[in-house]
Ligand code: Z5A
């Protein structure tokens, strides 16, 4: 996806929503269901992804995921934020200002989980990058939580070559999962954990129910 994609027709209040999860957690199916649910409530939805979502961000994504690149963790972190800064300035803020709902496949929580938890870079540095270059957290985040072994098996079954980050060892993904769960525990109002073990349909239904509950709490259009 080189450019953001609009769906739906009626503008709603500007909201930034993100979907997170470890390897093979099943974000793709859930994203489609969330988008459909938002549109059914009359929101204009802008779907995007991280890293990526802008032409420059997609080029950075290619570099980040290229198995031929021996990127250092620090460089990986800064590239994630370079792509994110571009996305925030060029896409997210303008869409929010227009009153749209931005639905992002990953956002800054992924940097805390992968570069902080997985790579062991200081969380305080990531928080500072977020404060300076992103300046906002998502309004609401769904975290698809799955046993690492099961997620890796699903990803393997999907086939295709593993990218640079997918090629990491199990211990890396265990640290990523722990960091995600710790963030959800610290911010239970914003980050809702969805058990990603059931069928894809059941996971999508649980994610949609959590989204509806959030929207109802906020008094967004039903
Ligand atoms: N990354 C980072 O390190 N730091 C950051 O700040 C950011 C990202 C933003 C690219 O992200 C990489 O960037 C990612 C994190 C890192 N690295 N890893 N690993 P991405 O989100 O584009 O890539 P991904 O995590 O690999 O996403 P994915 O491949 O799209 O995975 P998914 O969406 O969670 O899985 P899926 O393709 O929907 O499902 C996987 C398979 O399982 C597939 O065959 C499905 O049919 C199947 N599936 C899905 N749900 C189920 C259920 N419920 N039951 C059984 N089978 C299922």
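No value in this document is a laboratory result; all are computed from the given coordinates. These figures come from a predicted structure and were not determined experimentally. With ideal geometry, Cβ positions are generated from the backbone for all residues, glycine too; neighbour counts draw on all protein chains shown.
With the alpha-carbon atoms of segment 5-215 aligned to their principal axes, the span from lowest to highest coordinate is 45, 37, 34 Å, starting with the largest. Across the chain, the mean sequence separation of Cα contacts (distance under 8 Å, 6 or more residues apart), normalised by length, yields a relative contact order of 31 percent. Inter-label distance, residue 182 to residue 167: 2.8 nm, where each label sits 7 Å from its Cα along the C-beta direction. In the chain, the DSSP-assigned H stretches of four residues or longer account for a calculated mean residue ellipticity at 222 nm of -14000 deg cm²/dmol, using -39500 (n - 2.57) per stretch and the full residue count as denominator. Classify segment 24-81 as rounded, prolate or oblate, taking a ≥ b ≥ c as the square roots of the eigenvalues of its Cα gyration tensor: rounded when a/c is under 1.5, otherwise prolate if a/b is larger than b/c and oblate if not. Here segment 24-81 falls in the prolate category. Relative to the current alpha-carbon distance between residue 28 and residue 137, full extension at 0.36 nm per residue lengthens the span by 37.1 nm. Relative to one another, the C-alpha centroids of segment 148-198 and segment 130-145 are positioned 17 Å apart. In plain terms, the residue of 104, 137, 28, 18 with the fewest other Cβ atoms within 10 Å comes first and the most crowded comes last, giving 28, 137, 18, 104. Counting other Cβ atoms within 10 Å as a rough exposure proxy, the listed residues 123, 80 run 123, 80 from fewest neighbours to most. Going from the fewest other Cβ atoms within 10 Å to the most, the residues 145, 109, 163 appear in the order 163, 145, 109. Using a ≥ b ≥ c from the Cα gyration tensor of segment 98-161 (square roots of the eigenvalues), is it rounded, prolate or oblate, where a/c under 1.5 gives rounded and otherwise the larger of a/b and b/c decides, a/b for prolate? Oblate is the answer for segment 98-161, as a/c is 1.5 or above yet b/c matches or exceeds a/b. When DSSP beta bridges are restricted to pairs lying wholly in the chain, around 15% turn out antiparallel.
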